[in-house]
1. Looking at residue 249, is it within 19 Å of residue 145 (Cβ to Cβ) and at pLDDT 95 or above?
2. For the stretch 314-330, give me each residue that is surrounded by 18 or more Cβ atoms within 10 Å (Cβ to Cβ) and within 22 Å of the chain's Cα centre (by Cα).
3. Give the stretch 268-305 a look and list any residue that's in contact with a helix residue (DSSP H, G or I) (Cβ under 6 Å, 6 or more places away or on another chain) and assigned to a strand (DSSP E or B), or say none.
4. If residue 260 meets every condition in (1) within 24 Å of residue 149 (Cα to Cα); (2) not in a loop (DSSP other than H, G, I, E, B) apart from one, which number is that one?
5. Just to be sure before I move on: is residue 330 in the same structural domain as residue 256 (by TED's automatic domain parsing), within 20 Å of residue 174 (Cβ to Cβ), modelled with pLDDT of 95 or more and assigned to a helix (DSSP H, G or I) in the structure I sent?
6. Return yes when residue 229 is under 40 Å from the mean Cα position of the chain (by Cα), modelled with pLDDT of 95 or more and more than 22 Å from residue 186 (Cβ to Cβ) and no when it is not.
7. List pairs: first residue in the stretch 275-301 and within 16 Å of residue 230 (Cβ to Cβ), second residue at pLDDT below 95 and assigned to a helix (DSSP H, G or I) anywhere in the structure, Cβ distance under 8 angstrom, at least six positions apart or on different chains.
8. Quick check: anything in the stretch 215-234 closer than 24 Å to residue 324 by Cα, assigned by TED's automatic domain parsing to the domain that holds residue 287 and out of contact with any strand residue (DSSP E or B) (no Cβ under 6 Å at 6 or more places or on another chain)?
């Protein structure tokens, strides 16, 4: 009986021992499994964090690369813009220099004075040249005859226009002095004579010019050869105009040299306008007399009356000439246009040169561009 009990106790003890070992081993296995899982989880988490960090770093690197590329392109664009701007500025400077060189050509104070001195000497050689006062009636030499105010302002989309005619052009020094200014000035050439045989030859070298046709004055001692007189017949006047056209084939405008007596005679002016019309030449009234009949004749023919507004050098001191230049510009601004007449005096050339800044608000044009 006791042996049986002992045997059963022993058996139960063994079973408990196996169960205990099983639980220990299971615990160890579970602990190992849990520990392994924890380690694996931690490693996975670390790897995930590292991956995220790497991806973030990659994105940052990519953004930095993109920003760098954008900055580089922007830098290139800016550099290109700067280069383009500099190129344009340099080009503008070059063009401006070229424009200035073109404008001044040979004109500077010393050269202009040299030209003017030569001009004075040349004028002395021309014995019959008598200064600007010869343009007026001898009874009115202190003050030039008044101008005719325009009834209607000339409408222009551009700046006001001023045409400056330089009368009595007859020798090479006149042409050189006038052209040295670099302005649009209309040269009006005297017909050839013994004193100035080459005037037509000089005019032929120009693209545009006028003819300064001698006409009878009230009183004038140094009259030009072949001066038109009030007693001249229609055939004589027509013949003279035809000869002028042959000498000056490009002439489109004629104005009167002296002519205070001639232009005050309606019959004489009629004869002249008939001859000019046949040769497609327009007449510009120098207004050497306030009694001029040219406006009436032009109206009768249905033609536009073109006339001088201002004489620049009735008196030949520089201050007076500059004052007259300002007067001509003032008229142009009020009426849209103006016509001034000067002469190739040294002081006139100098005054025009020194008045360059006054012309910035108006357009200096040839006589064919005023209307």
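1. no
2. Residues satisfying the conditions are 325, 328, 329.
3. Correct list: 283, 285.
4. (2)
5. Criteria not met by residue 330.
6. Spelling it out, it is not the case that residue 229 is under 40 Å from the mean Cα position of the chain (by Cα), modelled with pLDDT of 95 or more and more than 22 Å from residue 186 (Cβ to Cβ).
7. 288/135
8. No, the conditions are met nowhere in the stretch 215-234.
The values are calculated or read from the model by the stated rules, or taken from the named source; none is laboratory data. Keep in mind the model is a prediction, meaning the values are calculated, not measured. Counting neighbours? That spans all protein chains shown, and the Cβs are built from the backbone with ideal geometry, glycine included.
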